[in-house]
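Data first, discussion second: the structure below is written as C-alpha cells.
The values are calculated or read from the model by the stated rules, or taken from the named source; none is laboratory data. Everything numeric in this text was worked out from a predicted model, so none of it was measured. Cβ atoms come from the backbone with ideal geometry, glycine included; neighbour counts cover every protein chain shown.
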Amino acid sequence: MDLSSLYSLQRQLDERIEAQHRLQEEDLFDKKILALLVEIGELANETRCFKFWSVKPPSPREKVLEEYVDGLHFILSLGLESDFLYSEIPPQLATLPLVEQFLVVFRAADEFRKTKSRQSYNRLFTEYLLLGGQLGFSMEEIEQAYKQKNQVNHERQNQNY
C-alpha cells in the first residue's frame with residue numbers, strides 16, 4: 001500500500017472540505033474522532049459479527065470494504081491533522097476473534113483521542129490494518145477501494161453534499 005499517495009489524496013480532500021465549508025480555523029479533531037468511531041460501528045454492523053441474536057449473514061464483501069475505507073479516510077485525516085504519518089508494517093494477521101479486534105480498535109481510537117501521541121496514532125493505524133486483514137482485505141484492495149471512495153467524496157463535494 002502506498003501510504004504517501006493516500007495521505008496526499010486525503011490532504012487534498014481535507015483542504016477542499018475545509019475551504020468549501022469555511023472550517024480552516026476550526027479544531028476538527030474531536031469531530032473526526034467521533035466520525036471515525038461511528039464509521040467503525042457502521043463497519044461492525046455490516047459484518048454482523050456481534051449479532052448473536054441473528055442468523056442474517058454479513059453484508060456483501062464490497063459493502064464491508066466500502067465501510068472499512070470510510071474509517072481509513074478519518075484515520076488518515078487525523079494523522080494529517082496531528083502531523084503524524086504512519087509508516088509501520090503491521091503483522092500479517094490479527095490473532096484475536098473479530099469482535100475483540102473491533103473492541104481493540106475502538107480502544108485505540110479513544111486512547112489516541114486522549115493522548116494525541118505518535119505512539120497511540122501508530123497503534124490505532126496498526127490495529128485498523130489488522131482488522132482489515134482479518135476481514136479478508138489485502139493492502140492492494142484497501143488502497144484501490146480508498147481511491148474509489150475518495151473520488152466519490154470529491155463528487156459529493158461537487159454536489160454540495
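Might you check whether a residue that is β-branched (Val, Ile, Thr) and in a loop (DSSP other than H, G, I, E, B) occurs anywhere in the stretch 42-64? Checked against the condition, which is being β-branched (Val, Ile, Thr) and in a loop (DSSP other than H, G, I, E, B), the stretch 42-64 yields at least one hit.
Taking the stretch 6-23 as the range and being among the hydroxyl-bearing types (Ser, Thr, Tyr) and in contact with a helix residue (DSSP H, G or I) (Cβ under 8 Å, 6 or more places away or on another chain) as the test, only TYR7 passes.
Could you grab me the full set of residues in the stretch 104-121 that are surrounded by 15 or more Cβ atoms within 10 Å (Cβ to Cβ) and not charged (D, E, K, R)? Within the stretch 104-121, VAL104, VAL105, PHE106, ALA108, ALA109, PHE112, SER120, TYR121 qualify.
When residues in the stretch 78-95 are screened for being without any contact (Cβ under 8 Å) to a residue 24 or more places away in the chain and at negative phi, 2 of them pass.
Restricting attention to the stretch 65-77, does a residue exist that is of a type in the set (S, T, N, Q) and within 24 Å of ARG113 (Cα to Cα)? Looking through the stretch 65-77, at least one residue is of a type in the set (S, T, N, Q) and within 24 Å of ARG113 (Cα to Cα).
Buried (at least 17 other Cβ atoms within 10 Å of the Cβ), modelled with pLDDT of 95 or more and either within 22 Å of ASN158 (Cβ to Cβ) or of a type in the set (D, E, K, R) (or both), is that true of ASP70? Don't jump to the end; show me each part of the working.
Details: buried (at least 17 other Cβ atoms within 10 Å of the Cβ): yes; modelled with pLDDT of 95 or more: yes; either within 22 Å of ASN158 (Cβ to Cβ) or of a type in the set (D, E, K, R) (or both): yes.
Spelling it out, ASP70 is indeed buried (at least 17 other Cβ atoms within 10 Å of the Cβ), modelled with pLDDT of 95 or more and either within 22 Å of ASN158 (Cβ to Cβ) or of a type in the set (D, E, K, R) (or both).
With the condition kept exactly as written, say whether any residue in the stretch 94-109 is touching a Leu at 6+ places or on another chain (Cβ under 7 Å) and modelled with pLDDT under 95. Yes, because at least one residue in the stretch 94-109 is touching a Leu at 6+ places or on another chain (Cβ under 7 Å) and modelled with pLDDT under 95.
Being buried (at least 16 other Cβ atoms within 10 Å of the Cβ) and part of a helix (DSSP H, G or I) is the requirement here; does GLY79 meet it? Yes. Condition (residue is in contact (Cβ under 8 Å) with a residue 24 or more places away in the chain and more than 16 Å from the chain's Cα centre (by Cα)) applied to the stretch 64-77: is it met by at least one residue? Scanning the stretch 64-77, I find no residue that is in contact (Cβ under 8 Å) with a residue 24 or more places away in the chain and more than 16 Å from the chain's Cα centre (by Cα), so the answer is no. Of all residues in the stretch 3-31, which are surrounded by 12 or more Cβ atoms within 10 Å (Cβ to Cβ) and among the charged types (D, E, K, R)? If the condition is that a residue be surrounded by 12 or more Cβ atoms within 10 Å (Cβ to Cβ) and among the charged types (D, E, K, R), then ARG11, ASP14, GLU15, ARG16, GLU18, LYS31 are the ones that fit. Candidates in the stretch 132-161 are the residues that are assigned to a helix (DSSP H, G or I), among the hydrophobic types (A, V, I, L, M, F, W, C) and in contact (Cβ under 8 Å) with a residue 40 or more places away in the chain; of these, the one that is surrounded by the most Cβ atoms within 10 Å (Cβ to Cβ) is ILE142.
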